[in-house]
1. State all residues of segment 162-183 that are over 24 Å from residue 278 (Cβ atoms) and part of a loop (DSSP other than H, G, I, E, B); if no residue qualifies, say none.
2. Of the residues in segment 543-574, how many are touching a Gly at 6+ places or on another chain (Cβ under 6 Å) and charged (D, E, K, R)?
3. Testing residue 132 on (1) in contact (Cβ under 8 Å) with a residue 12 or more places away in the chain; (2) farther than 26 Å from residue 288 by Cβ, one condition comes back false. Which one is that?
4. Within segment 28-40, is there a residue that is over 30 Å from residue 533 (Cα atoms) and not β-branched (Val, Ile, Thr)?
5. Could you give me the residue pairs with C-beta distances under 8 Å whose first residue belongs to segment 667-691 and is touching a residue at least 60 places away in the same chain (Cβ under 8 Å), whose second residue is basic (Lys, Arg) and surrounded by fewer than 20 Cβ atoms within 10 Å (Cβ to Cβ) wherever it lies, and which are 6+ apart or on separate chains?
6. Looking at the structure I just gave you, is residue 430 open to solvent by 60 Å² or more (accessible area, probe 1.4 Å), of a type outside the set (S, T, N, Q) and not in a loop (DSSP other than H, G, I, E, B)?
7. Considering only segment 327-391, give the strands (runs of 3 or more DSSP E) lying wholly within it that have at least 1 residues that are polar (S, T, N, Q), at pLDDT 95 or above and surrounded by fewer than 21 Cβ atoms within 10 Å (Cβ to Cβ).
8. Specify the residue that is farthest from residue 277 (Cα to Cα); the eligible residues are those in segment 184-202 that are among the hydrophobic types (A, V, I, L, M, F, W, C) and within 14 Å of the chain's Cα centre (by Cα).
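The values are calculated or read from the model by the stated rules, or taken from the named source; none is laboratory data. In this text the structure is predicted, and so the values were computed from the model without any measurement. Heads up, the Cβs are rebuilt from the backbone with ideal geometry, glycines too, and the neighbour counts pull from every protein chain shown. Protein only, heavy atoms only, side chains kept; ligands, DNA and RNA dropped before computing areas. Shrake-Rupley method; radii C 1.70, N 1.55, O 1.52, S 1.80 Å.
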Amino acid sequence: MKKISLFAFLIASQFTFAQRNLTIEEATIGNFTTFAPENLVATQWKDAQTITYLDKTYQNLMSRNASNNWEEVLLISKNDLLNKLKPITKTEDFKLRIFPYDYHWKNENSLILNFEANDSIYLVIYNLQTDTIEASFILDSEAQNPLLSVNGDEVAWLKNNNIFITKANGQIIQVTNDDEGFVNGSENTHRQEFGIDRGMWWNTNATQLAFYKKNETMVTDYPLVQFDTRIAEVKNTKYPMAGMKSEEVTLNIYDVNTGKTITIQTGEPKEQYLTQITWDPSGKYIYVGVLNREQDHLKLNKYDVSNGKLVSTLFEEKSSKWVEPQSPLTFLPNGKQFLYQSEKDGFNQLYLYDTNGKLVKKLGYNNVVVKDLLDFDSKGNSVSYIGVTNNGLDRQLFTVDLKSGKTTQVTSGSGFHNAYFNADKTLFYDQFSNTQTPNKISLVDAKSKKSVDLVNAKNPYAGVAELPKMEMVTIKAADGKTDLNGRIIYPADFDKNKKYPVMVYVYGGPHAQLVQNKWLGGASLFDYYMAQQGFVVFTLDNRGSDARDRDFVQVIHRNLGQNEMADQMKGVEFLKSKSFVDADKIGVYGWSFGGFMATSLMLNHPETFKVGVAGGPVIDWKWYEVMYGERYMDSPKQNPEGYALTSTLDKVDNLEGRLLLIHGAQDPVVVQQHSVEFIEACIKAGKQVDYFLYPTHEHNVSGRDRIHLNAKIADYFKLHLQ
């Protein structure tokens, strides 16, 4: 289940206040506006000695270079860029609100810019040294997912579920021409599970384009009612529920020179998942991780792109629970070996293979979980990555020598390091925060460890808003041996001799981690707002959550919510041991998987939880989609006992407290049927339940409507729990 970001809009104004509590608006958007710690935006290494970023106004591209003691220098302004772009825009009304945020360096002189303006999408390659535009592409405003080729001579893009290619001379080629029910080149293939973030891949010399083709004609239509017309209308979305017919996907190769398309022969059955799509550097082969629908058997296959035939299965990975590929292969600069990521030995780590599938070396280091694979040094002798340490709480930069396998931890301060090297690994950029450090950005010499601080952010709340005390805690899981990370935020003006109500904020599912050793402890400002309103706010990352080892997560298999609830109840035991906790006033709030957890806790432990808020909740896993649902639960036919145990519908008789369900009417992730069926079950059981619908929102309530949502949640707890 995706953890979806709240929103990404900015408000420019800032004010000075006397020391006070947060407003509900600040509690919702303050992390992006008034209370955002000082930062550098869109940082990139231009070359081995130069770092670039946008200034605070987002109007200028700045640089710092070692040769001038890292003094800040204007590289190019937005206005200068506008003048350079006029010959291709052919309009005097051409405007940009900010310098293009989505930029990267093709080389040390050429800047690739991707931006929208004047109802068009622009991809521009601008050479700062020669002051010329090397290439430019202007796409229709309806174009989606533009993908520039490596050489910058072509761009592939989508429109109405079909693929087009625009060449440097302006020629447009239509690659696919499929009717409704077929989707080409989409990153939504397999509902973006398995680390899928794109649906098209250029080979290295831009002669061929690989792409997904998704056949959805056999998938059930699910109705989403649109309320903004005189008579409400139905918009159908394809939604394959657990145990039902799923989409059929093929991988295809389009040859730009011949105009022909071949299909990679991934074989039967058609209901399988095609993952880890990776071009061989030679362009002659493509690698595909073929995962069965049961998601317990992965084959890494090598195919000949000239005819689509299987060359060989390099290796296989099996599990009694699930195999979940999350990353494509990463080829070494020599083109003869690649890095493969897997948690098959207990932790997600790196393995070095040759192109025949022979394991050359295991590159795992202690119990470090590889979170983000970064880049090789200029000679290809080592690779760096961000690894998870400190029992899931920290992120550190590591480098591993590919020949010897020796791993070195580069950063050291306990907390979150967003760090990466320059090309020759002589310097690294390090953005750091922990619970005591809002944001510190440094450029560090890799050998001497001498550093230059670019940002050392002050506490943005100092003298403005009084944040309650936050404390990180460790609690034993229900298995009696596993350490769980927790976070407790104390009420404002805390008095240990008083008793306070509690709001437990929970997620608890895979691919999400709420408690982290970074600024604010990973909490949202809404958590602090609720503490200011007089609540103890508590969060625990139970077994099943992210950034830990394989077995930590896989205890949830076939019985979602059960071990998770057992761990959450250990958190409740911890709370009840505190003299300042009012054990008769404990509530729970969660969204998505957290909504499922909040509902489950209210029904399975009514003696403990008096108030609950469940947003976008899964109510019965048989109504959730195939890819995520069957990975963790198997199908309803394979696991009827598990589906019965985890369903909340037959447990509504247990409801004793006040429960508010919130749903987006356009939710294509957890469809509204979940909460509606729960209400119907409550009606039949004679149980009162509260319900609120956001008619235009999908799985999360975003934009300024999020302020309304947070106010509603806060009011509900204040009304029924204080």
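1. 168, 169, 170, 171, 177, 178, 179, 180, 181
2. 5
3. (1)
4. Yes; the residues of segment 28-40 include at least one that is over 30 Å from residue 533 (Cα atoms) and not β-branched (Val, Ile, Thr).
5. Within 8 Å, the pairs are 669/2.
6. The answer is no for residue 430.
7. Counting at least 1 such residues, we get 337-342, 382-389.
8. Across segment 184-202, the extreme among qualifying residues is 194.
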